[in-house]
Amino acid sequence: MKIITCWSIFNGLIKNRTISLLYKEPFSYNQSGFFTIHSFIIFTDIMKTITFLFLYLASFTSYSQSWTTAQLDAANTAKDIRYLTEPEKNAIQYINLARLYPQLFIRNELNSYNGAAGFHENLQRSSYKKSLLKELKKREPVSALQFDKTMYGYAKCFAKESGNAGWVTHKRKSCPYGYLAECCSYGVGTGKDIAMQWLIDDGVPGVAHRVNCLSPQYSVIGLATNKHKKYRICAVADFR
């Protein structure tokens, strides 16, 4: 489980000399293993260090502390696929958490989620979020989606094709078909935001993306992200 305290990372960065190398050795260690700050450090150096720390923390995906390690591992079916990016792996993991533990997903993720910054914000009163909450309350668990290389190939091809052209569509021009269902996401870059965009499906009549993500008819998934000409980033998930 990725639960990391600010102090442990800060102390770890200093021990590994990451910060001290960047700022000309402003730190040293005493015999107890704790750092001391030399008197010549000025305020701007401290502010640089704090900024560096928060940027470092922002690179980690934040999971609710209520998930157990076993639950996170069960959902993380793409963790060993080296060519996937972290957002791609995390999006699959969040979809699987909703499939495997629908009621826990409400408490651990959905209740506190109000949308991605700059895109689908302020979802607290969204009727689509409320409908997802209602559905998950009564939903039975279904098996986790397994990563599939063939589905990934379909998704990767279309993420590049549609992203480079700036399309918002499911209609392919050069990429092959071969999947049974597909989701496309635009404008959000973290795995959680990608998965939540599909699960909440705000403003999409029939919530077809949600249906695809949670359907027991599908057992495998391929998911890929790419730069998008209009919306900065896009993601495609293909199911079978």
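The values are calculated or read from the model by the stated rules, or taken from the named source; none is laboratory data. None of these values were measured; they are calculated from a predicted model. Because the Cβ atoms are built from the backbone with ideal geometry, glycine has one as well, and the counts that use them run over all protein chains shown. Areas reflect the complete protein model, heavy atoms only, side chains present, ligands, DNA and RNA absent. Shrake-Rupley method; radii C 1.70, N 1.55, O 1.52, S 1.80 Å.
Selection within region 216-240: residues that are of a type in the set (S, T, N, Q) and in contact with a helix residue (DSSP H, G or I) (Cβ under 9 Å, 6 or more places away or on another chain). The member of this set that is nearest to Ala165 (Cα to Cα) is Asn226.
The residue pairs whose first member lies in region 155-177 and is surrounded by 12 or more Cβ atoms within 10 Å (Cβ to Cβ), whose second member is in a helix (DSSP H, G or I), and whose beta carbons are closer than 6 Å, counting only pairs six or more residues apart or on different chains, are Arg172/Phe158; Cys175/Cys157; Cys175/Phe158; Cys175/Glu161. Annotation note: of Leu84, Leu110, the sole residue that is under 16 Å from the mean Cα position of the chain (by Cα) and under 18 Å from Lys134 (Cα atoms) is Leu110. Applying the selection to region 184-225, what residues are under 14 Å from the mean Cα position of the chain (by Cα), assigned to a strand (DSSP E or B) and either surrounded by fewer than 21 Cβ atoms within 10 Å (Cβ to Cβ) or at positive phi (or both)? Correct list: Tyr186 only. Of all residues in region 109-128, exactly one satisfies the criterion of being open to solvent by 10 Å² or more (accessible area, probe 1.4 Å), in contact (Cβ under 8 Å) with a residue 40 or more places away in the chain and in a helix (DSSP H, G or I), namely Tyr128.
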